[in-house]
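Here's the structure we're looking at; comments come further down.
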Amino acid sequence: MAKAHVYGDNIDTDRIIPGKYTKTLDLSMLAAHVMEDVDPAFASRFQEGDLIVAGDNFGCGSSREQAPLALKTAQVSLVIARFFARIFFRNAINIGLPVLEVPHHSIQMGDEISFNLAEGKVVNHTRQEVYQATPLPPVMLNIMQEGGLVPYLKKYKDFIL
Amino acid sequence: MLPQTIAEKILSKHVGKPVYAGELCVVPVDGAMATDTTGPLAIKAFREMGGERLANPERFHLIIDHAAPAPNERIANLHRMMRSFAEETGCHFYDIGSGICHQVMVDHHRVNPGEVFMGADSHTPTYGAVNALACGVGSTDLAAVMLTGKIWLKVPSSIRVNLHGHHLREGVSAKDIVLEVVKHITISGANYQSVEYHGELLHYLSLSDRMVLCNMVAEMGAKTGIVSPEGLQLPFNFEPVFADKEAVYTRVLDIEAETIHPRLAIPHSPDNIHDVSAYAGTPITYGFIGTCTNGRLQDLQSAAAILKNKKIPSGVRLVIAPASRQVLLDAMKDGTLQILIEAGASIINSGCGPCVGTHDGVPGDGEVVISAANRNFKGRMGNPRSDIYLASPATVAASVLYGRITVPNQSN
């Protein structure tokens, strides 16, 4: 089980990882600053394996893949949003950061959550509730299950819709 | 065949059968591009995929614009990596000073009407100005394009924006129009969709104006933005792609261009749109003109028209980054640059400049910036303790002249 960190709507990629940190291949540097402009206490509050729960349009703005990479490197186990900005959503799945679009839920800060990616099922143990994620098209589900687009393309050599 | 939007037509031609909004398809990509923010990760992913040769080196472009010249050794080494990759693979390479990726792609005709283009930068839809379908993607998607020459995507549904009227009010430019569109559509209202521009006003819009309209569809969450080709002038013959009359749109937005006043996006979101007049008098210390939205010759000229024979007062600074080397040369030749420099502006290297918060003019704590860029997210320019207002180049120029937000008009 993992603890939920709940934030609002329209969290942009500039706040997930500011542009001043993005020009690097050192992923630990990204993780060190992730979410600091959303929540200055994020680093002290967050424990490896916890998840982020956001509202509408998480990851809007820049196409920087450093945003999902920073979250993944910081050991965020899952990001839930009502819906994601399109580039962030693709990027997250392409680099192997688990993401689910859950339109209806009542998750609050600190709730204990478990989830099943393939079934798109999210269990809120604190509130004894189960939520269903918007189903992914098979191509996205396959990329996610392979752990990202790099292992997917190495295996399949092409896109299978 | 059912009637089609411009996006549906372009994608149908590429996949070789009629496709419509909502269908998934694997699309051959005509051209692709990455910058120094996204390129190094794309190169890394390309290698990890087992990539050795690019699918189409003639149509792949690497460009150093986001932090150019390199402000530190970490970034200098990423630039080195890009230079050697370009040499090894034979792709096109544009070094520091060439300009902002999107301006360079259009200046050099690297994207053409009816084409599909993938750029590892969210403002890639800018090329809809030349009637192309262009999308922003991340580094790993781009690596797959580099390797296979293809991308999978969902055919977008389209929002139709009709721009009515034959002229704009004094002091109003394409930036004010697009801010008005962002206000109606909001920051997520075009997620996964194409924003298609139509209307009589198109006959009066320059290529630069069209680029502004498509550039900020990124601030609506759109997959792409495309301007219908009426009035599009390019220095070569091309086959324009029009929408069918009965094409289906998820939404139609009608805008009477002549009713639009100068607009402003207030902190901290580009869809937080108000009239400049409502915030007139707000003190500012820093103005910025540049970026893929508003760093073109006509933008510099509109600032120069306001700043001619004037001095920016002490305590206020104006930073200008021409969008490309060509823009810089043109502004030098016609005297625009001299006017701006004499007024007290600082001209910086052609590139993204302070827009991405890495170098070239980071605001201090508590400072208020008026910027001709496209994003005013908290921390965007490198300091989360500063405020950014977005406006047209004319509004920025008028505002730096008085040290407060000012409506641009003849009395400036």
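Note on B:K308/B:R385: beta-carbon distance plugged into 1/(1 + (r/R0)^6) with R0 of 35 Å gives a FRET efficiency of 0.50. Straightening the chain between A:R127 and A:L25 buys 32.7 nm, computed as 0.36 nm per residue apart minus the Cα-Cα spacing. Across peptide B:187-196, the average count of Cβ atoms from other chains found within 10 Å of a residue's Cβ is 3.
Computed from phi, the 3J(HN,Hα) profile of region B:268-284 under the Karplus parametrisation 6.51, -1.76, 1.60 (θ = phi - 60°) reads 10, 8, x, 9, 8, 9, 9, 6, 4, 4, 5, 10, 4, x, 5, x, 10 Hz, with x in place of Gly and Pro. If you sort the three axes of the alpha carbon gyration tensor as a ≥ b ≥ c, you get a/c of 1.5 or more for chain B and a/b no higher than b/c, which makes it oblate. In this label model, B:H109 and B:A278 are separated by 4.5 nm, measuring between points 7 Å along each Cα→Cβ vector.
Pairs of Cα atoms in the protein assembly as shown fall into 20 Å distance bins, from 0 up to the last occupied one, in shares of 22, 57, 20, 0 percent. Dividing the convex hull volume of the alpha-carbon atoms in region A:2-135 by its residue count gives 89 Å³ per residue.
Suppose a student asked you for the relative contact order of region B:6-257, using Cα pairs under 8 Å spaced at least 6 residues apart; what percent would you report?
Relative contact order comes out at 24 percent.
Taking amide H atoms as placed 1.01 Å from N in the peptide plane, the amide H of B:V248 lies under 5 Å from those of B:T5, each 5 or more residues away in sequence or on another chain. Bridge orientation summary for the protein assembly as shown: considering DSSP beta bridges with both residues in this region, about 30 percent are antiparallel.
When the alpha carbon gyration tensor of region B:1-146 is reduced to an equivalent ellipsoid, its three semi-axes come out at 29, 16, 12 angstrom, largest first.
Once backbone amide H atoms are built at 1.01 Å from N, B:W152 has B:V27 as its partners under 5 Å, excluding neighbours fewer than 5 places away on the same chain.
Relative contact order, percent, of chain A when contacts are C-alpha pairs under 8 Å separated by at least 6 residues?
22
What is the gain in length, in nm to one decimal, between A:D158 and A:L141 on full extension, counting 0.36 nm per residue of separation less the C-alpha to C-alpha distance?
Difference between extended and current length: 4.6 nm.
Here B:T282, B:T293, B:T186 are placed in order of increasing Cβ neighbour count within 10 Å, fewest first, which gives B:T282, B:T186, B:T293. In region B:1-84, Cα pairs under 8 Å separated by at least six residues give a relative contact order of 27 percent. For A:K154, the lysines whose Cα falls under 19 Å of its own Cα, not counting residues fewer than eight places away in the same chain, are B:K44, B:K150.
For chain B, adding -39500 (n - 2.57) for each run of n ≥ 4 DSSP H residues and dividing by the number of residues yields -8500 deg cm²/dmol at 222 nm. Karplus-based coupling profile of region A:50-61, in residue order and whole Hz: 5, 10, 10, 10, 10, x, 7, 6, 5, x, 5, x, with θ = phi - 60° in 6.51 cos²θ - 1.76 cosθ + 1.60 and x standing for Gly or Pro. Bridging of B:K175 to lysines at a Cα separation below 30 Å is possible for A:K20, A:K23, B:K9, B:K154, B:K183, B:K223, B:K245, B:K308, B:K310, B:K311, B:K333, B:K378, once same-chain residues fewer than 8 apart are set aside. In chain A, helices alone account for a calculated mean residue ellipticity at 222 nm of -8000 deg cm²/dmol, with every DSSP H run of four or more residues adding -39,500 (n - 2.57).
Which whole number gives the average count of other chain Cβ atoms within 10 Å of the Cβ atoms across peptide A:142-148?
Counting Cβ atoms of other protein chains within 10 Å of each residue's Cβ and averaging gives 1.
Based on the convex hull around the alpha carbon atoms, region B:137-222 presents an average projected area of 6.8 nm².
Distance between the modelled labels on B:K333 and B:S84, one decimal in nanometres: 3.9 nm (7 Å Cα→Cβ projection).
Based on the Kirkwood approach, the hydrodynamic radius assigned to region B:335-412 is 13.4 Å, with every pair of different Cα atoms included. Mean projected area of the convex hull spanned by the Cα atoms of region B:265-388, taken over all viewing directions: 7.1 nm². A simple spin-label model places the labels of B:H184 and B:N237 3.7 nm from each other, with each point 7 Å out along Cα-to-Cβ.
We did not get these values from a lab; they are worked out from the coordinates using the rules stated. Since the structure is predicted, the reported quantities are computational estimates derived from the model, not experimental observations. Neighbour counts are summed over all protein chains in view; Cβ atoms, including those assigned to glycine, are modelled from backbone coordinates with ideal geometry.
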